[in-house]
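A short worksheet on the structure shown next.
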Amino acid sequence: MIWIFALLTAAILTFEGALLLQVVTRKRDTLLLQIALGYPLGALVNVFVFFFINLFGIPLTIVPIAILHVVALIALFLFAKKRSVRGFVVEQGDTLRCHPLLIALCAVFIALAVYASFTYALTLPSFYWDGFTAWAMRAKQSFVAGKFLMEGVIQPQYPVLMHSLYMVYMLPLGWSDMLVQFSTTLLSLSGFSAVFIVLRRLHGSSTSLICLALLTGLPIAVIHLRQGYCDIHISVFVLLSALFLSDGIRKNHASTLALSAILCAAAAWTKWEGLYFALVPWCVVVGLNARNKSIARALALALALALPWSVFVLLQGLPLSPHGGSFGIHLSALPVLIDSLFGRGTFGLHWWAIIIVSALFLHAHKSKLLKIPSRHPEFLWAVLSVVLLLGVYLFTNDVKGLIQGDNFSRALIMPTLLLTQTLAIWGVKKN
């Protein structure tokens, strides 16, 4: 019975997200993309359902949540019916032919990552410390209380997309650790499936398979695909947002830019890192390209969707970070930072490759560096994200997270994957 309700919940969220995709792109897309992108977008719809119910002091129980989801479904359906004939901008890109052995190896790596994710998620409870305390436990306490608890829990100001996703699965039959893992496993797998589908449209099957193998082959990403932490989910939203941002800016397509804005806002609702290291750089990049109303509207949409939780937290008298923040110069931590990037197995060879390929990328664009924000906005986004993140760890009291190895590597997953995707696409197309 529990799995019947779980699959039904997943189907409803996916259907909501597919309708939202149809509303934004003004076209009914392929079934595969609707399913793959529908679930991540449905998770964003779900968090707004929980947020508004909580905002008006209504208990987070099955009846009001079900009613508001029905309202959301009806509204999305009616808007989707009014779609125009203009379609989704993402089209099939050039197809690169690769050696069959390379394609087979990529497929094997991806299959192993998926197998490990399912095995760990569906056979083990939430055993990672942060997953148990800051995520699943806080969600369970809020579920029992019928509201988002702003005191008496660890990090009460943290965004609630993941907590809302956990809780919506528990409404019919009560709490289940297995469903917590199931809900987020679907988010990871559907998100990476959407990345593959969009990459395949833009750059062909071989390029998309190589990129996906590199993304899921990052050692720390493999661990996070087992679920329990939320950095991998921020990364999925950002990877998708970057693909649509790049295509939207280059082709000046309003609906693709809007989809990028929505996905970036979803990252901000997932974790504070999504606000500071995803939304802020995204806004800078979009601002540099704000040459028409379409881009300006995308910027306004992202802010309108991403900021309600931040405003709510401030009105509760809480800071927009559980760590506080005091300025200080901690350059003595540089050796630890360098060792974390290049000397440990956390990132494997990714950062060696990132430095080398970035140098080649900049050399290839040395005569047109000023055009990078418009031709390769995703690269600038990734670089700004890394700069901001390293600045936080070297010039604030968050340096302890670097020295003690608490959270630096986890925070760096998103920009590492974004750089990997960006440079892999460029490198494969170049050759």
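The values are calculated or read from the model by the stated rules, or taken from the named source; none is laboratory data. What you see is a predicted model, and the numbers here were worked out from it, not measured in a lab. Positions of Cβ are generated from backbone atoms using ideal geometry, with glycine treated the same way; all protein chains shown enter the neighbour counts.
Against the condition out of contact with any strand residue (DSSP E or B) (no Cβ under 9 Å at 6 or more places or on another chain) and on the phi > 0 side of the Ramachandran plot, how does Q141 come out, does it pass? It is false that Q141 is out of contact with any strand residue (DSSP E or B) (no Cβ under 9 Å at 6 or more places or on another chain) and on the phi > 0 side of the Ramachandran plot.
Taking into account only those residues within region 129-167 that are within 21 Å of the chain's Cα centre (by Cα) and of a type in the set (D, E, K, R), which is surrounded by the fewest Cβ atoms within 10 Å (Cβ to Cβ)? Among them, the one singled out is D130. Please verify whether region 125-142 includes one or more residues that are among the aromatic types (F, W, Y), closer than 16 Å to R226 by Cα, modelled with pLDDT under 75 and not in a helix (DSSP H, G or I). Yes, that holds for at least one residue. Of all residue pairs spaced 6 or more apart or on separate chains, those with beta-carbon atoms under 7 Å, a first member in region 1-22 that is within 16 Å of L78 (Cβ to Cβ) and a second member that is among the small types (G, A, S) and at pLDDT below 90 are L19/A80; Q22/A80. Pairs are defined by a Cβ separation below 9 Å, a sequence spacing of at least 6 or placement on different chains, a first member in region 350-377 that is outside any helix (DSSP H, G or I), and a second member that is basic (K, R) and modelled with pLDDT under 95; the pairs so defined are H365/K371; H365/R375; K368/R375. Within region 49-67, residues that are loosely packed, with under 15 Cβ neighbours inside 10 Å reach partners that are not in a helix (DSSP H, G or I) with beta carbons closer than 7 Å, at six or more positions or on different chains, in the pairs P59/G146; P59/K147; T61/G146; I62/L171; I62/P172. Put simply, of K251, K271 the only residue that is crowded, with 24+ Cβ neighbours inside 10 Å, in contact (Cβ under 8 Å) with a residue 60 or more places away in the chain and of a type in the set (K, R) is K271. The condition (being within 23 Å of I65 (Cβ to Cβ) and not assigned by TED's automatic domain parsing to the domain that holds S117) is satisfied by just one residue among F237, F148, F244: F237. Scanning region 176-188 for residues that are crowded, with 16+ Cβ neighbours inside 10 Å and either of a type outside the set (S, T, Y) or in contact with a strand residue (DSSP E or B) (Cβ under 6 Å, 6 or more places away or on another chain) (or both) yields a total of 7.
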